[in-house]
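Please treat every number below as a calculation from the coordinates, not as lab data. All of these numbers come straight from a predicted model, not from anything done at the bench. Note: ideal-geometry Cβ built from the backbone for every residue, glycine included; neighbour counts use all protein chains shown.
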Amino acid sequence: DGGITQSPKYLFRKEGQNVTLSCEQNLNHDAMYWYRQDPGQGLRLIYYSQIVNDFQKGDIAEGYSVSREKKESFPLTVTSAQKNPTAFYLCASSRTLYTEAFFGQGTRLTVV
Amino acid sequence: AQTVTQSQPEMSVQEAETVTLSCTYDTSENNYYLFWYKQPPSRQMILVIRQEAYKQQNATENRFSVNFQKAAKSFSLKISDSQLGDTAMYFCAFMNVGYNTDKLIFGTGTRLQVFP
């Protein structure tokens, strides 16, 4: 079945460590996104990519990095520079930037 | 800058009744899309309904319909015959279409509880 797969579902990180969240889609979508969700807030855009080998910063890109080497994959690295990384992270994709986004099931990251 | 406002943090409704969730947005653009997403306890974001700004007719999807008032910049979601499975967070979202378009902007959400 087509869809978006995020892994792992839960992730624990020690302070000072980098960690990478995986996002894979088999929908043949061009655009992919990473959002962060905190309690009481809507989704906030971290990074997005319109096409392979290209990506743009969203509203809260500091402390994060991404790559888009393949159309199907858009991994997010949470670096030690991110001061408050504990959150729920959602990956999404859309056929183009102008069509509705479909979401993965999310990764809950906790810093311990 | 575009913004999306959902002024109702929480709503409740009895099963089989109708409930309306409010959303307003701010933009100077004329061509855009509006969406309602549902996030149940599983936290999977699910698209409920979509509205193109150039269409005057309100979108409907089974028990879900919108009241799109472009001049008022209002985009409310009506859920008819509410079911227990409708219990979820509901997010209104906005996407500009045009030269400087690049992202989906979300409101802060409304938590809907459907009671038996």
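Sum up the lysine pairs in the stretch A:1-84 that clear both bars: alpha-carbon distance under 25 Å and a spacing of 8 or more or different chains.
Values: A:9/A:57; A:9/A:70; A:9/A:71; A:9/A:83; A:14/A:83; A:57/A:70; A:57/A:71; A:57/A:83.
Count of close lysine pairs: 8.
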Q. Residue-wise, which Karplus ³J(HN,Hα) couplings in Hz belong to the stretch A:72-81, taking 6.51 cos²θ - 1.76 cosθ + 1.60, θ = phi - 60°, and x for glycine or proline?
A. 7, 10, 8, x, 10, 9, 9, 8, 5, 6
(Q) Students often forget the sequence filter, so: which lysines lie under 27 Å Cα-Cα from residue B:78 once same-chain residues fewer than 8 apart are removed? (A) B:38, B:55, B:70, B:103
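At a Förster distance of 22 Å, what's the computed FRET efficiency of residue A:61 paired with residue A:38, Cβ-Cβ distance as r, to 0.05?
The pair residue A:61/residue A:38 has a calculated efficiency of 0.90.
What ranking do A:78-88, A:43-53 get when scored by the average of other Cβ atoms within 10 Å per residue, highest first? Write out the running numbers ahead of the final one.
Working: A:78-88: 16.0, A:43-53: 19.5.
Packing order, densest peptide first, comes out as A:43-53, A:78-88.
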Q. What's the FRET efficiency of residue B:73 with residue A:15 using the Cβ-Cβ distance as r and R₀ = 35 Å, to the nearest 0.05?
A. 0.20
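Note down the relative contact order for chain A as a percent, whole number, built from C-alpha pairs under 8 angstrom at least six residues apart.
35
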Q.
Please list 3J(HN,Hα) in residue order for the stretch A:27-42, calculated via the Karplus relation 6.51 cos²θ - 1.76 cosθ + 1.60 where θ = phi - 60°; whole Hz, with x for glycine and proline.
A. 9, 6, 7, 7, 9, 9, 9, 10, 10, 10, 10, 10, x, x, 10, x
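Could you work out the mean count of beta carbons from other protein chains within 10 Å of each residue's beta carbon in A:99-105? Kindly include the intermediate steps, with their values, before the conclusion.
Details: counts 3, 9, 8, 3, 7, 2, 4.
Mean partner shielding for this stretch: 5.
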Q: Quote the charge dipole size of chain B about the Cα centre in Debye, to the nearest 20; the model charges only the Cβ of Lys and Arg (+1) and of Asp and Glu (-1).
A: 160
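Using 0.36 nm per residue, how much length does the chain from residue B:3 to residue B:111 gain when fully extended, once their Cα-Cα distance is taken away?
Values: separation 108, 0.36 × 108 = 38.88 nm, distance 1.93 nm.
36.9 nm is the gain from fully extending residue B:3 to residue B:111.
Using r as the Cβ-Cβ distance of residue A:52 and residue A:5, and R0 as 25 Å, what FRET efficiency do you calculate, to the nearest 0.05?
So, using R0 = 25 Å, E works out to roughly 0.85.
Given contacts defined as C-alpha pairs under 8 Å and at least six residues apart, what's the relative contact order of the stretch B:11-116, whole-number percent? Show your work: numbers first, answer last.
Working: 236 pairs, mean separation 38.1, N = 106.
Computed value for the stretch B:11-116: 36 percent relative contact order.
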